[in-house]
Amino acid sequence: MGPGLNFESLVARFYEPLYQFAFSLTRAEADACDLTQQTFYVWATKGHQLRDQTKVKTWLFTTLHRAFLESRRRQVRFPHFELEEVPLDLPTLSPATVNQLDSPQVLQALAQVDEVYQAPVALFYLEDCSYKEIADILNIPIGTVKSRMARGIAQLQSILTRGEREGHRERQND
Amino acid sequence: MTNNQAKEILQLYRPGTADAVDPAFTDALELCEHEPELKKWFGNHCALYAALRSKFKQIAVPEGLKEQIIAERRVHTTPMWQKAVILAGAVAAVVMVAFKLMQPGAPPERHDFAAYRDYMGSMAAGSYGMELNSTDLDQIRLFFAQKNSIADYVVPDNLKANAKVVGCVATTTWQGKHVSMICFQSGRPSRPGNPSDLWLFISDRTVAKDAPVASNPTFEKANGMATASWTVGNRTYVLAAAEGDEQFLGKFLPEKMVL
(Lines give C-alpha, C1' and ligand atoms only; values in the text may rest on other atoms or scores of the structure.)
Protein backbone atom coordinates (compact mmCIF):
# COMPACT_ATOMS: atom_id res chain seq x y z
CA MET A 1 0.00 0.00 0.00
CA GLY A 2 1.26 3.39 -0.83
CA PRO A 3 2.33 5.86 1.82
CA GLY A 4 -0.51 7.82 3.36
CA LEU A 5 -3.10 5.25 2.39
CA ASN A 6 -4.24 3.40 5.45
CA PHE A 7 -6.05 0.20 4.53
CA GLU A 8 -8.76 0.54 7.14
CA SER A 9 -9.58 4.13 6.26
CA LEU A 10 -9.58 3.17 2.59
CA VAL A 11 -12.09 0.42 3.30
CA ALA A 12 -14.21 2.77 5.41
CA ARG A 13 -14.29 5.28 2.61
CA PHE A 14 -15.02 3.04 -0.35
CA TYR A 15 -16.64 -0.20 0.75
CA GLU A 16 -20.18 1.18 0.60
CA PRO A 17 -20.05 2.66 -2.91
CA LEU A 18 -18.18 -0.40 -4.15
CA TYR A 19 -20.78 -2.72 -2.66
CA GLN A 20 -23.62 -0.64 -4.11
CA PHE A 21 -22.00 -0.79 -7.53
CA ALA A 22 -21.46 -4.54 -7.19
CA PHE A 23 -25.03 -5.09 -6.03
CA SER A 24 -26.45 -3.06 -8.88
CA LEU A 25 -24.55 -5.37 -11.25
CA THR A 26 -25.28 -8.69 -9.57
CA ARG A 27 -28.54 -8.11 -7.63
CA ALA A 28 -27.26 -10.73 -5.18
CA GLU A 29 -25.94 -9.85 -1.74
CA ALA A 30 -23.45 -12.71 -1.56
CA ASP A 31 -22.02 -11.99 -5.00
CA ALA A 32 -21.77 -8.27 -4.23
CA CYS A 33 -19.98 -9.01 -0.95
CA ASP A 34 -17.57 -11.35 -2.75
CA LEU A 35 -16.78 -8.76 -5.38
CA THR A 36 -16.22 -6.05 -2.78
CA GLN A 37 -13.98 -8.27 -0.68
CA GLN A 38 -12.09 -9.46 -3.71
CA THR A 39 -11.48 -5.86 -4.74
CA PHE A 40 -9.88 -4.99 -1.42
CA TYR A 41 -7.92 -8.22 -1.44
CA VAL A 42 -6.46 -7.27 -4.80
CA TRP A 43 -5.71 -3.83 -3.39
CA ALA A 44 -3.94 -5.36 -0.39
CA THR A 45 -1.73 -7.46 -2.65
CA LYS A 46 -1.23 -5.18 -5.65
CA GLY A 47 -2.29 -1.72 -4.55
CA HIS A 48 1.32 -0.72 -3.90
CA GLN A 49 1.85 -0.78 -7.66
CA LEU A 50 -0.43 2.23 -8.07
CA ARG A 51 1.82 5.25 -8.30
CA ASP A 52 -0.78 7.99 -8.60
CA GLN A 53 -2.70 7.81 -5.34
CA THR A 54 -5.34 10.24 -6.59
CA LYS A 55 -6.57 7.38 -8.75
CA VAL A 56 -7.35 4.99 -5.93
CA LYS A 57 -11.09 5.28 -6.41
CA THR A 58 -10.88 4.63 -10.14
CA TRP A 59 -8.50 1.74 -9.46
CA LEU A 60 -10.89 0.12 -7.01
CA PHE A 61 -13.93 0.47 -9.26
CA THR A 62 -11.94 -0.78 -12.24
CA THR A 63 -10.81 -3.81 -10.27
CA LEU A 64 -14.33 -4.60 -9.11
CA HIS A 65 -15.73 -4.25 -12.60
CA ARG A 66 -13.04 -6.53 -14.02
CA ALA A 67 -13.77 -9.11 -11.38
CA PHE A 68 -17.46 -8.90 -12.22
CA LEU A 69 -16.79 -9.34 -15.94
CA GLU A 70 -14.51 -12.26 -15.18
CA SER A 71 -17.19 -13.98 -13.12
CA ARG A 72 -19.78 -13.30 -15.81
CA ARG A 73 -17.46 -14.60 -18.51
CA ARG A 74 -17.34 -17.89 -16.71
CA GLN A 75 -21.11 -18.09 -16.66
CA VAL A 76 -22.17 -16.78 -20.05
CA ARG A 77 -20.73 -14.91 -22.97
CA PHE A 78 -22.03 -11.43 -23.58
CA PRO A 79 -24.31 -11.19 -26.59
CA HIS A 80 -22.56 -9.01 -29.11
CA PHE A 81 -24.34 -6.46 -31.21
CA GLU A 82 -23.52 -3.15 -32.80
CA LEU A 83 -24.34 -0.32 -30.43
CA GLU A 84 -25.16 2.02 -33.26
CA GLU A 85 -28.02 -0.22 -34.28
CA VAL A 86 -29.82 0.25 -30.98
CA PRO A 87 -32.46 2.95 -31.38
CA LEU A 88 -32.33 5.84 -28.95
CA ASP A 89 -35.66 6.06 -27.22
CA LEU A 90 -36.60 8.96 -24.99
CA PRO A 91 -39.49 7.85 -22.77
CA THR A 92 -41.46 10.24 -20.59
CA LEU A 93 -40.91 9.21 -17.00
CA SER A 94 -41.82 11.62 -14.24
CA PRO A 95 -39.86 12.08 -11.00
CA ALA A 96 -43.14 11.54 -9.12
CA THR A 97 -43.45 8.07 -10.64
CA VAL A 98 -39.92 7.19 -9.58
CA ASN A 99 -40.54 8.48 -6.09
CA GLN A 100 -43.33 5.91 -5.69
CA LEU A 101 -40.93 3.08 -6.47
CA ASP A 102 -38.57 1.41 -4.07
CA SER A 103 -34.92 0.58 -4.63
CA PRO A 104 -35.44 -3.14 -5.50
CA GLN A 105 -37.95 -2.20 -8.20
CA VAL A 106 -35.46 0.14 -9.81
CA LEU A 107 -32.74 -2.50 -9.63
CA GLN A 108 -35.13 -5.06 -11.09
CA ALA A 109 -35.65 -2.68 -14.00
CA LEU A 110 -31.89 -2.28 -14.36
CA ALA A 111 -31.60 -6.05 -14.59
CA GLN A 112 -33.80 -5.94 -17.70
CA VAL A 113 -31.56 -3.41 -19.39
CA ASP A 114 -29.14 -4.90 -21.92
CA GLU A 115 -26.21 -6.20 -19.94
CA VAL A 116 -23.59 -4.12 -21.69
CA TYR A 117 -25.36 -0.95 -20.52
CA GLN A 118 -25.88 -1.93 -16.89
CA ALA A 119 -22.49 -0.91 -15.48
CA PRO A 120 -22.49 2.50 -17.21
CA VAL A 121 -26.02 3.18 -15.96
CA ALA A 122 -25.15 2.13 -12.42
CA LEU A 123 -22.12 4.41 -12.42
CA PHE A 124 -24.19 7.22 -13.88
CA TYR A 125 -26.56 7.16 -10.94
CA LEU A 126 -24.31 5.95 -8.15
CA GLU A 127 -21.02 7.73 -8.54
CA ASP A 128 -19.78 11.21 -9.11
CA CYS A 129 -16.90 10.03 -11.25
CA SER A 130 -16.00 12.12 -14.25
CA TYR A 131 -16.66 10.59 -17.64
CA LYS A 132 -12.91 10.12 -18.04
CA GLU A 133 -12.84 8.11 -14.80
CA ILE A 134 -15.83 6.05 -15.89
CA ALA A 135 -14.10 5.37 -19.19
CA ASP A 136 -11.06 4.15 -17.26
CA ILE A 137 -13.18 1.99 -14.98
CA LEU A 138 -15.02 0.35 -17.86
CA ASN A 139 -11.92 0.33 -20.08
CA ILE A 140 -13.76 1.85 -23.03
CA PRO A 141 -13.46 5.24 -24.78
CA ILE A 142 -15.41 8.21 -23.42
CA GLY A 143 -17.57 8.31 -26.55
CA THR A 144 -18.59 4.71 -26.00
CA VAL A 145 -19.29 5.44 -22.33
CA LYS A 146 -21.67 8.20 -23.30
CA SER A 147 -23.46 6.25 -26.01
CA ARG A 148 -23.89 3.25 -23.71
CA MET A 149 -25.11 5.46 -20.90
CA ALA A 150 -27.60 7.25 -23.12
CA ARG A 151 -29.01 4.00 -24.44
CA GLY A 152 -28.99 2.34 -21.05
CA ILE A 153 -30.75 5.26 -19.39
CA ALA A 154 -33.34 5.29 -22.18
CA GLN A 155 -33.92 1.57 -21.73
CA LEU A 156 -34.18 1.88 -17.95
CA GLN A 157 -36.65 4.73 -18.13
CA SER A 158 -38.63 2.92 -20.81
CA ILE A 159 -38.87 -0.19 -18.61
CA LEU A 160 -39.95 1.88 -15.61
CA THR A 161 -42.53 3.73 -17.72
CA ARG A 162 -43.91 0.44 -19.04
CA GLY A 163 -44.09 -0.91 -15.50
CA GLU A 164 -45.95 2.18 -14.40
CA ARG A 165 -48.46 1.86 -17.28
CA GLU A 166 -49.07 -1.80 -16.52
CA GLY A 167 -49.54 -1.01 -12.84
CA HIS A 168 -51.97 1.74 -13.77
CA ARG A 169 -53.99 -0.65 -15.99
CA GLU A 170 -54.12 -3.24 -13.24
CA ARG A 171 -55.40 -0.65 -10.76
CA GLN A 172 -58.10 0.35 -13.25
CA ASN A 173 -59.18 -3.26 -13.80
CA ASP A 174 -59.49 -3.75 -10.06
CA MET B 1 -27.31 24.17 -31.37
CA THR B 2 -30.97 23.14 -31.45
CA ASN B 3 -33.04 22.26 -28.40
CA ASN B 4 -33.01 18.58 -29.38
CA GLN B 5 -29.23 18.57 -29.69
CA ALA B 6 -29.00 20.23 -26.28
CA LYS B 7 -31.32 17.58 -24.79
CA GLU B 8 -29.18 14.82 -26.25
CA ILE B 9 -26.15 16.28 -24.50
CA LEU B 10 -27.89 17.19 -21.25
CA GLN B 11 -29.51 13.78 -20.76
CA LEU B 12 -26.07 12.74 -19.47
CA TYR B 13 -25.77 15.75 -17.17
CA ARG B 14 -25.64 14.91 -13.47
CA PRO B 15 -26.64 17.81 -11.24
CA GLY B 16 -24.47 18.38 -8.20
CA THR B 17 -21.36 16.83 -9.78
CA ALA B 18 -18.31 17.99 -11.71
CA ASP B 19 -20.47 17.96 -14.84
CA ALA B 20 -21.33 21.56 -13.97
CA VAL B 21 -17.83 22.60 -15.01
CA ASP B 22 -17.37 20.01 -17.75
CA PRO B 23 -16.87 21.89 -21.05
CA ALA B 24 -18.88 19.20 -22.82
CA PHE B 25 -22.04 20.59 -21.20
CA THR B 26 -21.24 24.31 -21.20
CA ASP B 27 -22.98 25.31 -24.41
CA ALA B 28 -26.07 23.25 -23.75
CA LEU B 29 -26.37 24.62 -20.22
CA GLU B 30 -26.10 28.13 -21.55
CA LEU B 31 -28.85 27.47 -24.07
CA CYS B 32 -31.12 26.40 -21.21
CA GLU B 33 -30.97 29.92 -19.84
CA HIS B 34 -32.53 31.31 -22.99
CA GLU B 35 -34.97 28.58 -24.02
CA PRO B 36 -37.96 28.21 -21.67
CA GLU B 37 -39.07 24.85 -23.13
CA LEU B 38 -35.54 23.48 -22.83
CA LYS B 39 -35.22 24.89 -19.33
CA LYS B 40 -38.41 23.15 -18.28
CA TRP B 41 -37.22 19.87 -19.80
CA PHE B 42 -33.88 20.28 -18.03
CA GLY B 43 -35.56 20.90 -14.69
CA ASN B 44 -37.49 17.67 -15.12
CA HIS B 45 -34.32 15.83 -16.10
CA CYS B 46 -32.53 17.00 -12.94
CA ALA B 47 -35.45 15.98 -10.74
CA LEU B 48 -35.67 12.59 -12.42
CA TYR B 49 -31.92 12.09 -12.00
CA ALA B 50 -32.14 12.92 -8.30
CA ALA B 51 -35.09 10.56 -7.82
CA LEU B 52 -33.37 7.63 -9.53
CA ARG B 53 -30.04 8.33 -7.85
CA SER B 54 -31.72 8.19 -4.46
CA LYS B 55 -33.05 4.70 -5.31
CA PHE B 56 -29.57 3.45 -6.18
CA LYS B 57 -28.13 5.07 -3.07
CA GLN B 58 -30.70 3.21 -0.95
CA ILE B 59 -28.94 -0.11 -1.61
CA ALA B 60 -28.25 -1.32 1.91
CA VAL B 61 -24.77 -2.58 2.69
CA PRO B 62 -24.76 -5.75 4.83
CA GLU B 63 -23.75 -5.28 8.44
CA GLY B 64 -20.24 -6.38 9.24
CA LEU B 65 -18.95 -6.23 5.67
CA LYS B 66 -16.36 -3.61 6.50
CA GLU B 67 -15.08 -5.57 9.49
CA GLN B 68 -14.94 -8.74 7.41
CA ILE B 69 -12.86 -7.05 4.71
CA ILE B 70 -10.43 -5.71 7.28
CA ALA B 71 -10.21 -9.06 9.06
CA GLU B 72 -9.50 -10.89 5.80
CA ARG B 73 -6.71 -8.52 4.97
CA ARG B 74 -5.02 -9.39 8.25
CA VAL B 75 -5.23 -13.06 7.30
CA HIS B 76 -3.69 -12.41 3.91
CA THR B 77 -0.90 -10.08 4.95
CA THR B 78 2.55 -11.54 4.45
CA PRO B 79 5.59 -9.69 5.82
CA MET B 80 8.12 -8.48 3.28
CA TRP B 81 10.85 -10.86 4.47
CA GLN B 82 8.51 -13.77 3.93
CA LYS B 83 7.70 -12.53 0.45
CA ALA B 84 11.43 -12.49 -0.22
CA VAL B 85 11.73 -16.07 1.02
CA ILE B 86 8.79 -17.14 -1.14
CA LEU B 87 10.31 -15.42 -4.14
CA ALA B 88 13.70 -17.00 -3.51
CA GLY B 89 12.03 -20.39 -3.17
CA ALA B 90 10.10 -19.87 -6.39
CA VAL B 91 13.23 -18.86 -8.27
CA ALA B 92 15.09 -21.88 -6.90
CA ALA B 93 12.23 -24.15 -7.92
CA VAL B 94 12.20 -22.76 -11.45
CA VAL B 95 15.95 -23.21 -11.75
CA MET B 96 15.69 -26.77 -10.46
CA VAL B 97 12.90 -27.64 -12.86
CA ALA B 98 14.78 -26.07 -15.77
CA PHE B 99 17.92 -27.96 -14.79
CA LYS B 100 16.05 -31.25 -14.62
CA LEU B 101 14.40 -30.67 -17.97
CA MET B 102 17.74 -30.01 -19.58
CA GLN B 103 19.23 -33.26 -18.37
CA PRO B 104 19.33 -35.82 -21.19
CA GLY B 105 17.56 -39.06 -20.51
CA ALA B 106 15.88 -37.79 -17.39
CA PRO B 107 13.75 -40.51 -15.81
CA PRO B 108 10.00 -40.26 -16.48
CA GLU B 109 7.91 -38.41 -13.90
CA ARG B 110 6.71 -40.64 -11.13
CA HIS B 111 3.05 -40.60 -10.18
CA ASP B 112 3.02 -43.07 -7.31
CA PHE B 113 2.35 -42.27 -3.67
CA ALA B 114 6.01 -42.78 -2.68
CA ALA B 115 6.95 -40.02 -5.11
CA TYR B 116 4.31 -37.76 -3.63
CA ARG B 117 5.50 -38.50 -0.11
CA ASP B 118 9.14 -37.94 -1.09
CA TYR B 119 8.27 -34.63 -2.66
CA MET B 120 6.41 -33.44 0.42
CA GLY B 121 9.30 -34.62 2.59
CA SER B 122 11.77 -32.66 0.51
CA MET B 123 9.52 -29.66 0.63
CA ALA B 124 9.38 -29.76 4.41
CA ALA B 125 13.15 -30.25 4.59
CA GLY B 126 13.90 -27.50 2.09
CA SER B 127 13.06 -23.86 1.96
CA TYR B 128 9.38 -23.02 1.70
CA GLY B 129 7.73 -19.70 2.30
CA MET B 130 5.24 -19.72 5.12
CA GLU B 131 2.20 -18.01 3.63
CA LEU B 132 0.39 -17.49 6.87
CA ASN B 133 1.88 -17.30 10.35
CA SER B 134 -0.82 -18.28 12.76
CA THR B 135 -1.36 -20.30 15.88
CA ASP B 136 -5.08 -20.49 15.14
CA LEU B 137 -6.23 -23.61 13.28
CA ASP B 138 -9.58 -22.00 12.43
CA GLN B 139 -7.83 -19.10 10.80
CA ILE B 140 -5.66 -21.53 8.86
CA ARG B 141 -8.70 -23.44 7.63
CA LEU B 142 -10.26 -20.16 6.50
CA PHE B 143 -7.06 -19.26 4.70
CA PHE B 144 -7.09 -22.57 2.81
CA ALA B 145 -10.71 -22.04 1.85
CA GLN B 146 -9.94 -18.57 0.54
CA LYS B 147 -7.04 -19.92 -1.48
CA ASN B 148 -9.23 -22.70 -2.91
CA SER B 149 -6.98 -25.25 -1.31
CA ILE B 150 -8.24 -28.23 0.71
CA ALA B 151 -10.03 -27.03 3.85
CA ASP B 152 -12.29 -29.95 4.80
CA TYR B 153 -9.76 -31.98 6.74
CA VAL B 154 -9.52 -33.26 10.28
CA VAL B 155 -6.46 -32.44 12.37
CA PRO B 156 -5.89 -35.30 14.84
CA ASP B 157 -6.65 -34.29 18.42
CA ASN B 158 -3.27 -35.58 19.54
CA LEU B 159 -1.53 -33.35 17.04
CA LYS B 160 -3.47 -30.37 18.33
CA ALA B 161 -2.72 -31.30 21.91
CA ASN B 162 0.96 -32.21 21.61
CA ALA B 163 2.26 -29.79 19.01
CA LYS B 164 1.89 -26.10 18.43
CA VAL B 165 0.64 -24.92 15.06
CA VAL B 166 2.73 -22.08 13.66
CA GLY B 167 1.46 -21.51 10.14
CA CYS B 168 0.61 -22.93 6.77
CA VAL B 169 1.26 -22.97 3.05
CA ALA B 170 -1.79 -23.05 0.77
CA THR B 171 -0.25 -22.98 -2.67
CA THR B 172 1.47 -26.35 -2.66
CA THR B 173 0.48 -28.66 -5.49
CA TRP B 174 1.42 -32.12 -6.61
CA GLN B 175 0.99 -32.75 -10.32
CA GLY B 176 -1.76 -30.16 -10.53
CA LYS B 177 -3.57 -31.22 -7.37
CA HIS B 178 -3.91 -28.99 -4.33
CA VAL B 179 -2.08 -29.94 -1.15
CA SER B 180 -2.69 -28.08 2.10
CA MET B 181 0.40 -27.89 4.30
CA ILE B 182 0.15 -27.11 8.02
CA CYS B 183 3.34 -26.45 9.95
CA PHE B 184 3.77 -27.40 13.60
CA GLN B 185 6.39 -27.19 16.30
CA SER B 186 6.71 -30.39 18.28
CA GLY B 187 8.39 -28.77 21.26
CA ARG B 188 11.91 -29.87 20.45
CA PRO B 189 14.54 -27.16 19.98
CA SER B 190 13.87 -25.58 16.61
CA ARG B 191 16.42 -25.39 13.84
CA PRO B 192 17.76 -21.95 12.95
CA GLY B 193 15.59 -20.29 10.32
CA ASN B 194 12.85 -22.86 10.54
CA PRO B 195 10.27 -22.67 13.30
CA SER B 196 8.68 -25.99 12.30
CA ASP B 197 9.76 -29.57 12.68
CA LEU B 198 6.46 -31.29 12.03
CA TRP B 199 4.25 -30.93 8.98
CA LEU B 200 0.84 -32.21 8.04
CA PHE B 201 0.10 -32.50 4.31
CA ILE B 202 -3.48 -32.98 3.22
CA SER B 203 -4.42 -33.99 -0.29
CA ASP B 204 -7.32 -35.60 -2.07
CA ARG B 205 -7.15 -39.39 -1.88
CA THR B 206 -6.81 -39.41 -5.68
CA VAL B 207 -3.39 -37.78 -5.35
CA ALA B 208 -1.89 -41.14 -6.37
CA LYS B 209 -3.45 -44.41 -7.42
CA ASP B 210 -1.67 -46.31 -4.65
CA ALA B 211 -2.47 -43.79 -1.90
CA PRO B 212 -3.36 -45.39 1.45
CA VAL B 213 -6.93 -46.59 1.61
CA ALA B 214 -7.11 -47.16 5.37
CA SER B 215 -7.07 -44.97 8.43
CA ASN B 216 -4.25 -47.10 9.87
CA PRO B 217 -0.99 -45.26 9.24
CA THR B 218 1.83 -46.46 7.05
CA PHE B 219 5.28 -45.42 8.26
CA GLU B 220 8.05 -44.70 5.80
CA LYS B 221 11.18 -42.60 5.53
CA ALA B 222 10.95 -39.88 2.89
CA ASN B 223 13.97 -37.76 2.08
CA GLY B 224 15.28 -38.18 5.59
CA MET B 225 11.89 -37.44 7.15
CA ALA B 226 9.89 -39.81 9.26
CA THR B 227 6.39 -39.98 7.80
CA ALA B 228 3.05 -41.49 8.66
CA SER B 229 0.39 -41.67 5.94
CA TRP B 230 -3.29 -42.50 6.18
CA THR B 231 -6.61 -41.82 4.51
CA VAL B 232 -9.91 -40.87 6.07
CA GLY B 233 -12.87 -40.22 3.79
CA ASN B 234 -11.65 -38.59 0.63
CA ARG B 235 -8.60 -37.02 2.26
CA THR B 236 -5.12 -38.49 2.43
CA TYR B 237 -2.78 -37.27 5.16
CA VAL B 238 0.98 -37.35 5.44
CA LEU B 239 2.53 -36.34 8.74
CA ALA B 240 6.26 -35.69 8.39
CA ALA B 241 8.78 -35.11 11.18
CA ALA B 242 12.28 -33.75 10.78
CA GLU B 243 13.62 -36.34 13.18
CA GLY B 244 12.11 -39.25 14.97
CA ASP B 245 10.56 -42.61 14.43
CA GLU B 246 7.18 -44.34 14.53
CA GLN B 247 6.96 -43.93 18.27
CA PHE B 248 7.63 -40.21 18.02
CA LEU B 249 5.05 -39.73 15.26
CA GLY B 250 2.58 -41.85 17.20
CA LYS B 251 2.24 -39.06 19.78
CA PHE B 252 0.53 -36.92 17.15
CA LEU B 253 -1.74 -39.44 15.46
CA PRO B 254 -5.42 -40.08 16.21
CA GLU B 255 -6.03 -42.27 19.26
CA LYS B 256 -7.09 -45.34 17.37
CA MET B 257 -3.91 -45.17 15.32
CA VAL B 258 -1.49 -44.91 18.21
CA LEU B 259 0.63 -48.02 18.31
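A full extension of the chain between A:ALA96 and A:GLU70 corresponds to an added length of 5.6 nm, given 0.36 nm per residue minus the alpha carbon distance.
By the scheme Lys and Arg +1, Asp and Glu -1, what is the net charge of all other residues having a beta-carbon under 12 Å from that of A:ARG13? Display every interim value, and only then the final one.
On the way: positive: A:LYS57, B:LYS66; negative: A:GLU8, A:GLU16.
Within the 12 Å Cβ shell, the charges total 0.
Each part gets one Cα centre, and for segment A:114-142 versus segment B:1-30 those centres are 17 Å apart.
What do you reckon, how do B:ILE9, B:ILE150 stack up by accessible area (1.4 Å probe), largest on top? It would help to have the intermediate numbers written out before the result.
Values: B:ILE9 55, B:ILE150 15 Å².
Solvent-accessible surface, decreasing: B:ILE9, B:ILE150.
Heavy-atom accessible surface of B:ARG110, to the nearest 10 Å², is about 120 Å², with a 1.4 Å probe and all protein chains retained. Counting only other chain Cβ atoms within 10 Å of each residue's Cβ, the peptide A:115-125 averages 2. Only Cα sites of segment B:132-259 enter the Debye sum here, all with the same form factor; the resulting log10 I(q)/I(0) across q = 0.22, 0.23 1/Å is -1.48, -1.60, listed in q order. Summary of the geometry: segment B:140-168 and segment A:40-54, compared by the centres of their Cα atoms, lie 30 Å apart.
Nonpolar atom fraction for segment B:113-257, defined as the carbon and sulfur part of the 1.4 Å probe accessible area, stands at 50 percent. Using the Cβ of B:VAL213 as centre and a radius below 13 Å, the other residues enclosed give a net charge of +2, where K and R count +1 and D and E count -1. Taking other residues whose beta carbon is less than 15 angstrom from the beta carbon of B:HIS34, and scoring Lys, Arg as +1 and Asp, Glu as -1, yields -2.
The values are calculated or read from the model by the stated rules, or taken from the named source; none is laboratory data. The model shown is predicted, which means the values in this text are computed figures rather than measured ones. No Cβ is skipped: glycine too gets one built from the backbone with ideal geometry, and neighbour counts run over all protein chains shown. With ligands, DNA and RNA removed, areas are computed over all heavy atoms of the protein, side chains included. Shrake-Rupley method; radii C 1.70, N 1.55, O 1.52, S 1.80 Å.
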